[in-house]
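Report on the following structure.
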Amino acid sequence: MKKKILDIFNFNTIVPIPTQFNKDLTINFNAIKKHIHLLKKKNVNLFYLGQSASELERLSLSERIKLANYVAKIIRPKAKLILQPLGFTSIEDQIFEAKKLEKIGCDFMVVEPIHIKGKQYFYSNRFKNSEYSPNRHDEYYVEYMKTFSNKIKVPILFHLKEFSFGKTLSIKALDKILKIKNIVGLKEHNNSINIRKKHFVRYGLKKRKICYDGFSKEDFITTSKYGVKSRHSNFSWFDPEWDQIFIKLIKNKKDKLPKEMVKIESSIKNAIILTGYAGYKYLMKIVKFTSLQGYVKMPGCNLNISQKKILSKAFKRFNKKKINFIKNNNF
């Protein structure tokens, strides 16, 4: 893998692509195209069609392939694209989808193995053998990724997801996985910041692998000192410039201003806690990045009038403080 290709992860924001839906929850492809073009004009150069943020997990296989094909034509080659084959039933099905995505064309592929069962009960008692144990389960994950790597030529980013808070794949297994040919980096999904720091030091600082996560700016101020150089952010859906200012300050090792930015966007943070992905999509409407109402396919998660008012007020508070911040710091 040429270093130049990997450099795009060097202090950059990875922007997931929001799948925009009409009121009847059919995909509005034209709205997606307009949004991507707008983001590219605002210097977004690394896009990600992901399981949760893009709501791929709520789409059929045929819809996922159609969507990937559509966005790839808009994004590439001037910008880079990360695609993700979903694994729900078997590695064969996941590889089948990955091969279709590879044929469409992408620059990187996020692969999250089909996970072990985890908690399971028999006669109302926990079956402990189904829960993660390095001795019983590490080989499964290592062999899974070896098999995948042998089938796919696109550079792979291993998606590490915790089994439960503070419980994750062993270092021994991770070492083996990240030595596999064609696996170029780690997409970290451990809620424990201490585990993330340990992984970023080992694989980002020492082994020079791509490392990124999708946690808060507040967390990133800390973890960026330990080897992680990029993050994916839904904030860029409606304000990519704000994310770009933040990552530039982190690159230049400015601590004070990023902390101030975290405080400035606190009203948005509190509103999103109440509204989720639909909230981010509605913020796109507020800034006129879309004409849609922020519809999502997740049951029970579409916005009511009260939530829309919360988002509008939160954005006004944020935007007023943001304007002053940019003016005062000559951005």
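The values are calculated or read from the model by the stated rules, or taken from the named source; none is laboratory data. As the structure is a computational prediction, the values presented were derived from the model and not from experiment. When we count neighbours, we look across all protein chains shown, and the Cβ atoms used for this are built from the backbone with ideal geometry, even at glycine.
Points worth noting:
- Residue pairs meeting the criteria (Cβ under 7 Å; at least 6 apart or on separate chains; first assigned by TED's automatic domain parsing to the domain that holds A271, in the range 305-331; second modelled with pLDDT of 95 or more and outside any helix (DSSP H, G or I)): F318/E265
- P18 being farther than 28 Å from I221 by Cβ and in the same structural domain as H159 (by TED's automatic domain parsing): no
- A98 being of a type outside the set (S, T, N, Q) and closer than 27 Å to V287 by Cα: no
- Within the range 272-304, being touching a residue at least 40 places away in the same chain (Cβ under 8 Å) and either part of a helix (DSSP H, G or I) or not aliphatic (A, V, I, L, M) (or both) holds for Y277, Y280, K281, L283, M284, I286, F289, T290, S291, Q293, Y295, K297.
- Qualifying residue in the range 209-217 (condition: in a helix (DSSP H, G or I) and among the acidic types (D, E)): no
- When I65, I5, I32, I36 are checked against the criterion of being of a type in the set (A, V, I, L, M, F, W, C), modelled with pLDDT under 95 and either in contact with a Cys (Cβ under 6 Å, 6 or more places away or on another chain) or not in a strand (DSSP E or B) (or both), a single residue qualifies: I5.
- Pairs, first closer than 12 Å to P113 by Cβ in the range 74-95, second surrounded by fewer than 18 Cβ atoms within 10 Å (Cβ to Cβ), C-beta under 6 Å, six or more apart: G87/I114; I95/K151
- Residue in the range 138-145 that is over 19 Å from S90 (Cα atoms) and at pLDDT 95 or above present: no
- Among the residues of the range 110-166, those identified as under 29 Å from L6 (Cα atoms) and in a strand (DSSP E or B) are V110, V111, I156, L157, F158, H159, L160, K161.
- Filtered residue count, the range 7-26, keeping only those that are of a type in the set (A, V, I, L, M) and out of contact with any strand residue (DSSP E or B) (no Cβ under 6 Å at 6 or more places or on another chain): 1
- Single residue of the range 30-41 satisfying the filter (without any contact (Cβ under 8 Å) to a residue 60 or more places away in the chain and surrounded by 19 or more Cβ atoms within 10 Å (Cβ to Cβ)) that is farthest from L178 (Cα to Cα): I32
- Residue within the range 57-75 that is assigned by TED's automatic domain parsing to the domain that holds V142, small (G, A, S) and closer than 24 Å to K209 by Cα present: no
- Summed over the range 12-29, the residues that are in a loop (DSSP other than H, G, I, E, B) and surrounded by fewer than 21 Cβ atoms within 10 Å (Cβ to Cβ) give a count of 6.
- One residue stands out in the range 50-69 among those that are in contact with a helix residue (DSSP H, G or I) (Cβ under 6 Å, 6 or more places away or on another chain) and not small (G, A, S): the one that is nearest to H232 (Cα to Cα), namely Q51.
- Residue satisfying condition, being surrounded by 18 or more Cβ atoms within 10 Å (Cβ to Cβ) and at pLDDT below 95, within set G87, G50, G118: G87
- Candidates in the range 167-185 are the residues that are outside any helix (DSSP H, G or I) and of a type in the set (K, R); of these, the one that is farthest from D93 (Cα to Cα) is K167.
- Top-ranked residue in the range 161-187 [being closer than 24 Å to S233 by Cβ and touching a residue at least 40 places away in the same chain (Cβ under 8 Å); ranked as surrounded by the fewest Cβ atoms within 10 Å (Cβ to Cβ)]: K161
- Within the range 68-83, the set of residues being surrounded by fewer than 21 Cβ atoms within 10 Å (Cβ to Cβ) and part of a helix (DSSP H, G or I) comprises N69, Y70, A72, K73, I74.
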